[in-house]
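**Q** My questions will all concern the structure given below.
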Amino acid sequence: MNTALLTQMIATSSIYPNESAMGELLVQYLRAHGFSVRTQLVSSGRYNLFVEKGTEGKPVLFYGHLDTVPLVEPAAWRSDPLVLTQRKGRYYGLGVYDMKGGIAAFIEACERSEAHCKMFLAVDEENISEGAWKAVRNNASFFSDVSLIISAEPNFDLGLHGVTRARTGRYVFDVIFEGIPAHIAQYKQGVDAIQKAAQFVTQLYKKRESLFGARGSVVQARFISGEAVGMSVSARAEVQVEVLSSYRDTVQSITRRLMQLTDAPVRLRPRTTPYLSGYHFDTIPHAHLLEKIIKKTTGKSIQLHARMSVGDDNVLATLGIPVITWGPDGGNAHAPNEYVSADSLKKLTSMYYEFLEGMR
């Protein structure tokens, strides 16, 4: 794999919401290498990229996000996080695994191939998917002829033969507990909201494996607050409940299950962009070609997975176009010393290229 572009990408900080320099770098590179590029303003200085090369046949679309998470514990890094550093078969750098390595891989594959291909490069994935939502709402026509979307997100130990075709959704609920204040010396005359919240959380964790109807849904309390004023028992407490939900569970079914644990009101927490629904694609276009390439390169049979995570892949799935996540090996995403396997990037680039050539 040619690492010249990846070197530039790692040297270009793109911690959200400051992805503009990364966008400018890729616009210049892609246009200089024969791609047509259109931009879509998402917010001040932040824009999505819609990239295309070739015209014949239904294209495959590669997806990547331009942003990274903030630099966590910089003193823990063994090398400069903004310098692509190779060590013992790994490339290190901020965002190299999530997901600049995957982007560099599919750009090179599309550059080498004569097949009709598209790319969608989004801002704000590490936040609330503002870029992806704007793309599917305001530029859906760009995706209308696409037969398959390939996300180069990290494979998180699934291997190069592991292909994700399903993801959970994610929702956050507010559960508000009202109490009746009373002096602590006479607490039996009041109703302690914190006690009510504690009882709810206890039941939530006790039943977290069996609470929901669909296998693959999981729940946790992500925020708890309550305060006793003066020497009174608490009159109000709040619990935020986070649910990763199977595509079979809906907001309505989740709400009903949570309400079984309490008589307090359960409401979906307001959010600027929509919550991400789960998805599952029964069939994958060009599956035979995909299986053949994976077996040839890795020596392993393809393994199809459902993953307990969310991202822009969920947003793109709302288009109804099959989405698969097929990315590189690596580690330490969102953590110091993030890395991607050099060998996996080389192989993934080759497999992307072979897939495109097989589509011609």
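**Q** Can you give me the solvent accessible area of Arg269 with a 1.4 Å probe, rounded to the nearest 10 Å²?
**A** Ignoring ligands and nucleic acids, Arg269 comes out at about 80 Å².
**Q** In addition: Taking Lys206 as the anchor, which lysines have their alpha carbon closer than 28 Å to its alpha carbon, excluding any fewer than eight residues away along the same chain?
**A** Within the straight-line cut-off, Lys206 pairs with Lys188, Lys196.
**Q** What percent does the relative contact order of region 43-150 come to when contacts are Cα pairs within less than 8 Å and at least six residues apart?
**A** Dividing the mean separation by the residue count of region 43-150 yields 48 percent.
**Q** Right, next: Note down the relative contact order for the chain as a percent, whole number, built from C-alpha pairs under 8 angstrom at least six residues apart.
**A** With pairs under 8 Å counted, the relative contact order is 25 percent.
**Q** In nanometres, what is the gap between the two model label sites at His183 and Thr202, each 7 Å from Cα along Cα-to-Cβ?
**A** It is 2.8 nm.
**Q** With θ taken as phi - 60° and the coefficients 6.51, -1.76 and 1.60, list the Karplus ³J(HN,Hα) couplings across region 85-91 in order, rounded to whole Hz; mark glycine and proline as x.
**A** 10, 9, 8, 6, x, 10, 9
**Q** Provide the FRET efficiency to the nearest 0.05 for the Ser225-Asn138 pair, computing r from the beta carbons and using R0 = 35 Å.
**A** The formula returns an efficiency of 0.40 here.
**Q** What do you get for trypsin sites (Lys or Arg not before Pro) in region 37-80 restricted to DSSP loop and a cutoff of at most 11 other Cβ within 10 Å of the site's Cβ?
**A** Passing sites in region 37-80 are Arg78.
**Q** Tell me the GluC sites (Glu not before Pro) within region 157-264 that lie in a loop according to DSSP and have at most 15 other beta-carbon atoms within 10 Å.
**A** For GluC sites (Glu not before Pro) across region 157-264 that sit outside H, G, I, E and B with at most 15 neighbouring Cβ atoms in 10 Å, the list reads Glu209, Glu227.
**Q** Sort Asp145, Asp174 by heavy-atom solvent-accessible area, probe 1.4 angstrom, most to least.
**A** Descending order: Asp145, Asp174.
**Q** Cβ under 15 Å from Tyr205's Cβ, Tyr205 left aside: what net charge do those residues give with Lys, Arg +1 and Asp, Glu -1?
**A** It works out to a net charge of +3.
**Q** Out of (i) -0.27, -0.67, -1.25; (ii) -0.22, -0.65, -1.45; (iii) -0.30, -0.78, -1.37, which label holds the value of log10 I(q)/I(0) by the Debye sum over Cα atoms at q = 0.06, 0.10, 0.15 Å⁻¹ that was computed here?
**A** Only one listed value fits the structure, namely (i).
**Q** Looking at region 235-295, which trypsin sites (Lys or Arg not before Pro) are in a loop (DSSP not H, G, I, E or B) and have at most 12 other Cβ atoms within 10 Å?
**A** Listed in order of number, the matching sites are Arg271.
The values are calculated or read from the model by the stated rules, or taken from the named source; none is laboratory data. Bear in mind that the values here come from a model prediction, so they are computed numbers and not experimental data. Methodologically, a virtual Cβ is constructed for each residue, glycine included, from the backbone with ideal geometry; neighbour enumeration extends over all protein chains shown. Note: areas computed on protein heavy atoms with side chains; ligands, DNA, RNA excluded. Shrake-Rupley method; radii C 1.70, N 1.55, O 1.52, S 1.80 Å.
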